[in-house]
Amino acid sequence: MTQPLFDRVTLIGIGLIGSSIARVMRRDGLAGSIVACARSDATLNAVQRLNLADKVTKDAAEAARDADLVMICTPVSTYGVIAETIAHALKPGAIVTDVGSVKESAVAAVMPHLPDGVHFVPGHPIAGTENSGPEAGFDTLFEDRWFLITPPPGTDQAAIDKVSELWSRAGSQIDYLEPAHHDQVLAITSHLPHLIAYTIVGTATDLEDHIKSEVIKYSASGFRDFTRIAASDPVMWRDIFIENRDAVLEMLGRLSEDLAGLQRAIRVGDGNTLEELFRRTREIRRGVVEAGQHIPPAPEED
Ligand code: NAP
């Protein structure tokens with residue numbers, strides 16, 4: 001058994017992402033002990049049944065007490081209250097990290113509450129599925145995926161290195177981005193695709209009944225893939241769009257312009273414009289395949 005990276009790890013929120021990293025820590029002995037915190041009995045009972053933690057509690061401050069690493073794995077809108085609740089219980093030298101999909105607002109929500117001597121290392125695994133809860137996790141989720149660390153200026157390097165080491169052991173490649181830059185990149189690679197999927201599935205839902213039934217029947221023609229993405233967690237995605245409002249609206253503006261251009265090309269029968277775009281996008285797909293990002297361990301990542 002390897003030496004634990006952390007004596008005591010606290011997971012605040014233990015759904016898909018929290019339970020997946022808990023499984024990795026259990027499998028490889030990376031944590032001396034794990035404490036899990038969530039709001040509901042259903043979650044905590046599942047955590048105990050799956051043996052993902054040594055202790056479970058609904059009290060975030062109690063969970064964080066004496067922890068060497070506290071990882072926040074809840075929807076991003078909860079961060080401010082959680083940071084405020086755990087602040088007084090954190091021991092000097094503790095590392096607080098997170099896995100949230102939006103980083104500028106995560107930093108803004110957490111940092112002001114943390115006492116001196118506690119290090120915040122914000123992070124985001126570019127891995128996931130449309131499923132939620134502790135049962136949905138699996139220990140290979142992060143393999144061959146990126147883990148993005150978005151440290152604010154002045155973040156303790158030793159704390160960054162320890163968080164980085166944990167995710168490397170989970171099989172991820174590590175990269176570093178400014179929080180605002182992260183949010184812009186993810187707005188186009190993840191947030192907009194989800195918004196489009198939610199929109200298409202929503203549009204289909206509003207169709208007249210006789211068309212709607214055919215849409216489901218023949219969904220393999222493309223619609224099916226959108227329904228999988230549009231099945232992603234409603235609370236998590238509500239928070240992502242609200243917390244990353246500026247970057248999403250910027251990218252949405254550009255998309256709307258391009259969509260209007262395509263609308264016009266179709267109306268006037270400008271096949272060259274369409275074909276030229278489709279050739280360029282096919283090249284992008286080749287780039288994704290060459291970068292090894294085309295086969296998700298499970299359906300989709302956020
Ligand atoms: P999830 O499966 O829905 O799990 C959320 C967990 O947080 C549950 O255990 C929930 O349990 C708990 N929780 C919610 N509010 C809480 C609160 N106020 N205090 C304590 N516990 C609370 O969500 P997830 O997919 O793991 O996502 C977690 C985070 O990872 C989000 O910030 C998301 O942006 C990020 N992320 C998700 C993905 C993805 O594809 N899913 C990928 C990368 C990053 P109770 O309901 O019992 O409280």
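Derivation of every value follows stated rules applied to the coordinates shown; laboratory data play no part. Being a predicted model, the structure only gives us computed values, none of them experimental. Neighbour counts are summed over all protein chains in view; Cβ atoms, including those assigned to glycine, are modelled from backbone coordinates with ideal geometry.
Treating only the Cβ of Lys, Arg, Asp and Glu as charged (+1, +1, -1, -1), what charge dipole size does the chain show about its Cα centre? Round to the nearest 20 debye.
Values: 28 positive and 43 negative charges, 105 e Å.
Computed charge dipole of the chain: roughly 500 debye.
Return the Rg/Rh value of the chain, two decimal places, where both radii are evaluated on C-alpha atoms and Rh is the Kirkwood radius. Walk me through the intermediate numbers first.
Numbers: Rg = 21.0 Å, Rh = 20.7 Å.
Taking Rh as the inverse mean 1/r over Cα pairs, Rg/Rh reads 1.01.
Among Thr227, Tyr79, Ile240, whose Cα sits farthest toward the positive end of the charge dipole of the chain (+1 at Cβ of Lys/Arg, -1 at Cβ of Asp/Glu, about the Cα centre)?
Most positive-ward Cα: Thr227.
Can you sort Leu90, Leu177 so the residue with the fewest Cβ neighbours within 10 Å comes first?
On the way: Leu90 23, Leu177 18.
Listing Leu90, Leu177 from fewest to most nearby Cβ atoms yields Leu177, Leu90.
May I ask you to derive the FRET efficiency for Arg282 and Glu62 from their Cβ-Cβ distance with R0 = 35 Å, giving the value to the nearest 0.05? Could you put the intermediate results ahead of the total?
On the way: r = 54 Å, r/R0 = 1.54.
Efficiency, from the Cβ-Cβ distance: 0.05.
Using amide H atoms built in the peptide plane, which far-off residues or other-chain residues are under 5 Å from Gly133 H to H?
Under 5 Å from the amide H of Gly133: Leu16.
Working from Cα positions, state the angle (0 to 90°, nearest 10) between the long axis of helix 271-290 and the longest principal axis of the chain.
Between the helix axis and the principal axis of the chain, the angle is about 30 degrees.
Which shape class, rounded, prolate or oblate, goes with segment 1-128 when its Cα gyration tensor gives a ≥ b ≥ c as root eigenvalues, a/c under 1.5 marks rounded, and past that a/b bigger than b/c marks prolate?
Values: a/c = 1.41, a/b = 1.28, b/c = 1.10.
Cα axes put segment 1-128 in the rounded bin.
Among Leu277, Gly261, Ser190, which residue has its Cα positioned farthest towards the positive end of the charge dipole of segment 180-302, with +1 placed on the Cβ of Lys and Arg, -1 on the Cβ of Asp and Glu, and the dipole taken about the Cα centre?
Value computed over the given set: Leu277.
Just want to confirm a number: the relative contact order over segment 6-178, from Cα pairs under 8 angstrom separated by 6+ residues, in percent. Don't jump to the answer; show the numbers that get you there.
Working: 375 pairs, mean separation 39.1, N = 173.
This gives 23 percent for segment 6-178.
Out of residues 5 or more away from Trp146 or on other chains, whose amide H comes under 5 Å of its own, with H placed 1.01 Å from N in the peptide plane?
Residues meeting the criterion, in which the H sits 1.01 Å from N, are Ile126, Gln173.
As a test of the formula, what do you get for the chain when each DSSP H run with n ≥ 4 contributes -39,500 (n - 2.57) and the sum is divided by the residue count, at 222 nm and rounded to the nearest 500 deg cm²/dmol? Write down the numbers at each step before the final one.
Details: 13 runs with 147 residues, N = 302.
Mean residue ellipticity at 222 nm (helix-derived): -15000 deg cm²/dmol.
Using θ = phi - 60° and the Karplus relation 6.51 cos²θ - 1.76 cosθ + 1.60, list the HN-Hα couplings for segment 31-44 in order, rounded to whole Hz, with x at every Gly or Pro.
Per residue, the Karplus-derived 3J(HN,Hα) values read 10, x, 8, 10, 10, 10, 10, 8, 8, 10, 4, 4, 5, 5 Hz.
Which aspartates and glutamates have a Cα lying under 13 Å from the Cα of Lys212, excluding residues fewer than 8 positions away in the same chain?
Straight-distance partners of Lys212: none at all.
Roughly how far apart, in whole Å, are the Cα centres of segment 43-114 and segment 211-284?
Cα centroid of segment 43-114 versus Cα centroid of segment 211-284: 35 Å apart.
Would you mind checking the tilt of helix 16-28 against the longest principal axis of the Cα atoms of the chain, expressed as 0 to 90 degrees and rounded to 10?
For helix 16-28, the angle is close to 50 degrees.
Once phi is turned into ³J(HN,Hα) by the Karplus curve 6.51 cos²θ - 1.76 cosθ + 1.60 with θ = phi - 60°, what whole-Hz value does each residue of segment 170-182 show in order, with x for glycine and proline?
Per-residue couplings from phi come out as 7, x, 8, 8, 9, 9, 10, 9, 5, x, 5, 5, 3 Hz.
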